[in-house]
């Protein structure tokens, strides 16, 4: 029971506080280790995604030691620990109290959505941030919450009435928060994932509706100059320091760096320095490559990319397999899909706020249960 309470607190805090979420993760890791010691049940650790995750940790450590700034890189290797929300919850959670965890999670997400609304309409921020550190991070997280809530409403029909209302409220509020973040990538990926979700559930009828909606939206954008400018015009114009312009430069720079150190990369924490040394045009950001796959490869080389893809593919296979047996796991499947899509234009794989939220959801929605009646 106490373990479930810790997971509930973690589920609430991943929406509202990085420090609190990491604190509860540390407690969950301790309790997980104790449970493994007592039960000697290491089945979770024998999965392929666990094996690849361990290889990722080893590769990041070796890449740091072989990189261009050993001290800095080694200090950033432990950041991967936020992924262990997945394993701590899989080890400790039995699924019997999933409704309680979801109550806590969606309550936190709604509070975060209200915080973002306050940012825009009261504080007069240009973009909603909520309890997070950046508007794009806020958008990525809101997209994950929206897809989770929408999926549960479609795939799990027998939710308790109060939870169903809270889930619907979370879907509406997270969609609103996503729009207030003005993050076009997360909005696009959330829309694409929602379309896949409807096609998955309703087949050809949904495919026809999705196609019709896409054509209608394209026509509206084409005919409405103000709407077209708002959606398609790049922030900052077409220069290299615009939103898209910066990304293009950073993608090319990351590829150049990978070609120079293809095996083990530069080690974590060296991308900004490399950009400053090799790019002479103005950029709006140099923190990362704005692509999780390229950034991870720059840090850890092609060896690291192989293990990252091994982890993601095996995790996808695990979630997909569970989705055929357990209705809530279908929501986890689409949560993982939107998370993977977000990585195309953002470094969300290295963003602890989005990672902790996503890994916790995947774990609690897929954990094997002995008896399934309702949430």
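Annotation: of all residues in segment 42-53 being out of contact with any helix residue (DSSP H, G or I) (no Cβ under 6 Å at 6 or more places or on another chain) and surrounded by fewer than 16 Cβ atoms within 10 Å (Cβ to Cβ), the one that is nearest to residue 315 (Cα to Cα) is 51.
Among all positions in segment 303-325, there is no residue which is in contact with a helix residue (DSSP H, G or I) (Cβ under 6 Å, 6 or more places away or on another chain), in contact (Cβ under 8 Å) with a residue 24 or more places away in the chain, surrounded by fewer than 23 Cβ atoms within 10 Å (Cβ to Cβ) and not in a helix (DSSP H, G or I). State whether one or more residues within segment 239-254 are in contact with a helix residue (DSSP H, G or I) (Cβ under 8 Å, 6 or more places away or on another chain), assigned to a helix (DSSP H, G or I), free of Cβ contacts under 8 Å to residues at least 24 places away in the same chain and surrounded by 20 or more Cβ atoms within 10 Å (Cβ to Cβ). Scanning segment 239-254 turns up no residue that is in contact with a helix residue (DSSP H, G or I) (Cβ under 8 Å, 6 or more places away or on another chain), assigned to a helix (DSSP H, G or I), free of Cβ contacts under 8 Å to residues at least 24 places away in the same chain and surrounded by 20 or more Cβ atoms within 10 Å (Cβ to Cβ).
Scanning segment 54-82 for residues that are buried (at least 20 other Cβ atoms within 10 Å of the Cβ) and within 28 Å of residue 369 (Cα to Cα) returns a single hit, 82.
Kindly check whether there is at least one residue in segment 112-128 that is under 22 Å from residue 7 (Cα atoms) and modelled with pLDDT under 95. Let's see the steps before the verdict.
Here is the first cut: in segment 112-128, the ones under 22 Å from residue 7 (Cα atoms) are 112-113.
Now narrow it down to the ones that are modelled with pLDDT under 95: none.
No, the conditions are met nowhere in segment 112-128.
The lone criterion from (1) surrounded by 17 or more Cβ atoms within 10 Å (Cβ to Cβ); (2) in a helix (DSSP H, G or I); (3) at pLDDT below 95 left unmet by residue 109 is number (3).
Listed here are the residues, each with its yes/no results for (1) more than 18 Å from the chain's Cα centre (by Cα); (2) outside any helix (DSSP H, G or I); (3) modelled with pLDDT of 95 or more; (4) over 13 Å from residue 197 (Cβ atoms).
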{"residue": "132", "(1), (2), (3), (4)": "no, yes, no, yes"}
{"residue": "145", "(1), (2), (3), (4)": "no, no, yes, yes"}
{"residue": "150", "(1), (2), (3), (4)": "no, no, yes, no"}
{"residue": "168", "(1), (2), (3), (4)": "yes, no, yes, yes"}
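The values are calculated or read from the model by the stated rules, or taken from the named source; none is laboratory data. Computed from a prediction, not measured in an experiment: that's the story for all the values here. Note that we place each Cβ from the backbone using ideal geometry, even for glycine, and neighbour counts take in every protein chain shown.
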